[in-house]
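Written below as C-alpha cells is the structure these notes are about.
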Amino acid sequence: MYDTVLVAVVGLLAGAVIWTVADVAYDDPAAGLPKPGPVCPHEGIRVTAGPVNPAMGLRAMDLTLENCGTRAFRVEGYPEVRLLDRDQQHVTGVSVIHGSGGIATVTGFDDPPDAVTLAPGERASAGLLWRNTTTGFDGAAYVHYLTVAARSGSLPLLLRPDGGLDLGTTGRLGVGPWRSAGGTR
C-alpha cells in the first residue's frame, strides 16, 4: 500500500515538473514572443494553430486568427510565418510560399486573397500545406515552433503546433490567405 501511494505521488510530481518545463519552453520570455492564450494580447488579436492533418504524406494545418479586442481588425493577404527548431532558431532550407506552390491542388488555396475585417469576437483562418517527402537520410526539416504575424507590422506570436511540422526534404511550406471563418467564439 505504501509503495503504491509513493509511486503515485512521485508520478504526480514528475508530471507537474514536465508540464512546468514544457510551459516555460513554450513561452520563452528571452525570445520576446508572447504565446497565445486566454489573455488577449495588446494588439487585440490572437492566433492559434489547429491539429496537423497527416494524410498520405500530404500535411495540412489551420491557423485561426481571432479578434479578441474591442475594435475591428483588418487583414489582407497572408499570415507572415517563420519556422523555428526546438531551440527556437530559424529553420534553414525551407521556402515559405504564398499559395500551394505546386505542393498539391487544394480547392481555394490558390485563390487570390481578399480583405477580411473582423469585428470583435470574429475569426479568420489560413491554411498551411506541405508534404513529408524525404530523399535520403540527411536534411529532413522538422519545425517545433512557428511565429505567426497576422499582417505586416503585427507582433509575431509564438505557436507550438501539436506534434510539430515534419517537412521532410521538400523544402517548401505553402501558406494560404486569410479567409473569414464566420461567426464568433
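The values are calculated or read from the model by the stated rules, or taken from the named source; none is laboratory data. Since we're looking at a predicted model, the values are computed, not measured. Here the Cβ is made from the backbone with ideal geometry for all residues, glycine too, and neighbour counts use every protein chain on show. Please note that ligands, DNA and RNA were not included when accessible areas were found on the heavy atoms of the full protein model with its side chains. Shrake-Rupley method; radii C 1.70, N 1.55, O 1.52, S 1.80 Å.
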- Item | Selection within the stretch 146-185 - hydroxyl-bearing (Ser, Thr, Tyr) and in contact (Cβ under 8 Å) with a residue 60 or more places away in the chain | Thr147, Ser152, Ser154, Thr170, Ser180, Thr184
- Message: Out of the residues in the stretch 63-108 meeting the condition of being among the polar types (S, T, N, Q) and not in a loop (DSSP other than H, G, I, E, B), tell me which one is most open to solvent (accessible area, probe 1.4 Å).
- Response: Ser95
- How many residues are open to solvent by less than 20 Å² (accessible area, probe 1.4 Å) and either in a strand (DSSP E or B) or hydrophobic (A, V, I, L, M, F, W, C) (or both) if we restrict to the stretch 167-182? 6
- Message: Can you pull out every residue in the stretch 38-62 that is open to solvent by less than 30 Å² (accessible area, probe 1.4 Å) and aliphatic (A, V, I, L, M)?
- Response: Ile45, Val47, Met61
- Pull up the stretch 137-149, narrow it to residues that are part of a strand (DSSP E or B) and open to solvent by less than 60 Å² (accessible area, probe 1.4 Å), then point me to the one that is nearest to Thr70 (Cα to Cα). Ala149
- Item | Residue pairs meeting the criteria (Cβ under 9 Å; at least 6 apart or on separate chains; first on the phi > 0 side of the Ramachandran plot, in the stretch 119-145; second at pLDDT 95 or above and not in a loop (DSSP other than H, G, I, E, B)) | Gly121/Glu66; Gly121/Asn67
- Task: Please work out which residue is farthest from Ile97 (Cα to Cα), limiting yourself to the stretch 45-68 and to residues that are in contact with a Pro (Cβ under 6 Å, 6 or more places away or on another chain) and not aliphatic (A, V, I, L, M).
- Result: Asn67
- Would it be correct to say that Pro120 is of a type outside the set (A, V, I, L, M) and closer than 18 Å to Ser152 by Cα? no
- Note on the structure: Residues of the stretch 109-136 being more than 27 Å from Asp166 (Cβ to Cβ), part of a strand (DSSP E or B) and open to solvent by less than 50 Å² (accessible area, probe 1.4 Å), in sequence order, are Ala115, Val116, Leu118
